[in-house]
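Input: a single structure, listed below in structure tokens.
The values are calculated or read from the model by the stated rules, or taken from the named source; none is laboratory data. Here the structure is a predicted model, which means the values were calculated and not measured. Quick reminder, even Gly has a Cβ in these numbers, built from the backbone with ideal geometry, and neighbours come from all protein chains shown.
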Amino acid sequence: MRDRTAGWVAEAAGARLDAGEAGAPGPRRAVIDTRQVHEGDLFVGLRGERFDGGEFAADALAAGAWGVLVGPDHAGPAAAAAPPGAAVLVAGAPLAALQSLARAWRRELGCRVVGVTGSTGKTSTKDILAAVLGPSLRVHASRENLNTEIGLPLTILEAEPGTEAMVLEMAMRGEGQIAELVEVAEPDVGVIVNVGPVHLQLLGTVERVAAAKAELIRDLRPGAACVVPAGEALLGSHLRGDLDTFTFGPGGEVMLLAFDRRAQGGVAEIEARGRRIYLELPYDEPHNLLNTLAAVAAAVALGERPGGRIEPRFSSLRGEIIDLPGGVTVVNDCYNANPMSMRAALQHLAETPAQRRVALLGTMAELGEASAAFHREIGEEAAALGIDVLITVGGEAAAYSDGYAGETYATESPEEAGALLEEIALPGDRVLVKGSRSVGLERVLA
């Protein structure tokens, strides 16, 4: 936003400019944490459950912030602390102002925007799509999981002038949240990677999960495109005749015809609405091949024809391969977990050569009253796939063992699980580490 003025920023945010020159150049980006403030940043003071960010406006200005955006209660102290030239913007609702500013910047950029959501795999699909578009377009994509009503506008405001395509991940915890993100991002293409049993503690049924995800379809502008799994009955009633709908996966308009495995990944032959596309991929997991089809469908919906080798930069804690001393390989996939992603990860573990296959599994959160049953079913799946050793982490995760009859260990914490793994792991073992984010399984390897 440096090529816009402070006055433009204030107007776009619906804010009042209490300090600073209206004609001064705008900020570089927006941040909400004073620890992340660098020279040229706009600090936005948001009110949270424990802290009111507006109270730290003076700290942000002292750290070199371009300016601050705060609520009326903090306008006076912020203006008093502002050094010469620093901007102080005041808005009744700083979060709404941040979102309005992001929407205005998205319009100024004039780039094409893809919104990606799904019960599982949306982050990987976002990363793959960014890589697919990268050779032909200047792409800006969500970092890590900046995918909420706060993270998404921050992502948009990081985009540089000249951006040609934006790939934005959209998270959902309940009804109305995808709609809020669509209102900010105004996507040209909406991708729903899949629908499954997540957030059931809040939403209750998978049908309501589908409806919440389908807010992305509902709120697209007429003439936009949507990308959905082929044959997904839960989304059927939400499709619109005034959208260009792409289906992907078996039986879809974008489908995998063949996959030639190589030492690292392989070559995918893909049919996309009658066209043949060949992609050289550095991965071979079935779920990521399906995610690739969703990404290709989105690229085609934007008018692009991808091809050649792609090198996605996957976000952290998602299928990272770590080689430990002693010949043990760990698949660190502990960013999140639900029944769909857990089955996919276990299937890939079972298909990968190893002396023994070890599943170190934490709780799958937010599954509601059916939580124990879902955990037991995953234990049964591990047994059916021939997983050799099961290590559970946490009380709820113990239910995995109810469906598993093999070698089992129960631990209470990631640290305890890590110590156990160090004791029992053997050369040639391949270990899957997976659980919901709240479990903190990255500490297994600490």
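Figures for the structure shown
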{"quantity": "Qualifying positions in segment 189-233 - surrounded by 21 or more Cβ atoms within 10 Å (Cβ to Cβ), under 24 Å from LEU302 (Cβ atoms) and out of contact with any Leu (no Cβ under 7 Å at 6 or more places or on another chain)", "calculated": "VAL191, VAL193, ASN194, LYS213, GLU215, LEU216, VAL227, PRO229"}
{"quantity": "Complete set of residues in segment 408-442 that are charged (D, E, K, R), loosely packed, with under 15 Cβ neighbours inside 10 Å and either closer than 15 Å to ARG357 by Cβ or not assigned by TED's automatic domain parsing to the domain that holds HIS375 (or both)", "calculated": "none"}
{"quantity": "Residue within segment 234-255 that is surrounded by 12 or more Cβ atoms within 10 Å (Cβ to Cβ), under 30 Å from PRO353 (Cα atoms) and among the aromatic types (Phe, Trp, Tyr) present", "calculated": "yes"}
{"quantity": "Residue in segment 34-49 that is in a loop (DSSP other than H, G, I, E, B), among the small types (Gly, Ala, Ser), within 28 Å of the chain's Cα centre (by Cα) and buried (at least 20 other Cβ atoms within 10 Å of the Cβ) present", "calculated": "yes"}
{"quantity": "Considering residues of segment 384-438 that are basic (Lys, Arg) and assigned to a strand (DSSP E or B) only, the residue nearest to HIS199 (Cα to Cα)", "calculated": "LYS434"}
{"quantity": "Residue count for segment 272-309, restricted to those that are farther than 22 Å from CYS111 by Cα and among the β-branched types (Val, Ile, Thr)", "calculated": "2"}
{"quantity": "Test: residue in segment 364-375 that is under 25 Å from the mean Cα position of the chain (by Cα), under 30 Å from ARG208 (Cβ atoms) and either without any contact (Cβ under 8 Å) to a residue 12 or more places away in the chain or crowded, with 23+ Cβ neighbours inside 10 Å (or both)", "calculated": "yes"}
{"quantity": "Filter pass, LEU420 being of a type in the set (A, V, I, L, M, F, W, C) and under 30 Å from LYS126 (Cα atoms)", "calculated": "no"}
{"quantity": "GLY40 being touching a helix residue (DSSP H, G or I) at 6+ places or on another chain (Cβ under 6 Å) and in the same structural domain as ALA10 (by TED's automatic domain parsing)", "calculated": "no"}
{"quantity": "Filtered residues of segment 392-406 (kept if over 12 Å from LEU360 (Cα atoms) and not small (Gly, Ala, Ser))", "calculated": "GLU396, ASP402, TYR404"}
{"quantity": "Yes/no for VAL88 being more than 30 Å from MET342 (Cβ to Cβ) and either without any contact (Cβ under 8 Å) to a residue 40 or more places away in the chain or out of contact with any Gly (no Cβ under 8 Å at 6 or more places or on another chain) (or both)", "calculated": "no"}
{"quantity": "Enumerated helices (runs of 4 or more DSSP H) restricted to segment 51-137, each holding at least 2 residues that are under 22 Å from ARG221 (Cα atoms) and modelled with pLDDT of 95 or more", "calculated": "94-109, 122-133"}
{"quantity": "Segments classed as helices (runs of 4 or more DSSP H), wholly inside segment 138-256, with at least 1 members that are in contact with a strand residue (DSSP E or B) (Cβ under 7 Å, 6 or more places away or on another chain) and not charged (D, E, K, R)", "calculated": "151-158, 177-185, 215-218, 233-236"}
{"quantity": "Condition check for GLU304: outside the structural domain of ARG356 (by TED's automatic domain parsing), surrounded by fewer than 19 Cβ atoms within 10 Å (Cβ to Cβ) and in contact with a Gly (Cβ under 8 Å, 6 or more places away or on another chain)", "calculated": "no"}
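Let's see how each residue does on (1) under 23 Å from GLU407 (Cβ atoms); (2) in a strand (DSSP E or B):
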site: ARG305; (1), (2): no, no
site: SER315; (1), (2): no, no
site: ILE322; (1), (2): yes, yes
site: VAL331; (1), (2): yes, yes
site: ASN336; (1), (2): no, no
site: ARG343; (1), (2): yes, no
site: ALA350; (1), (2): yes, no
site: ALA354; (1), (2): yes, no
site: GLU366; (1), (2): no, no
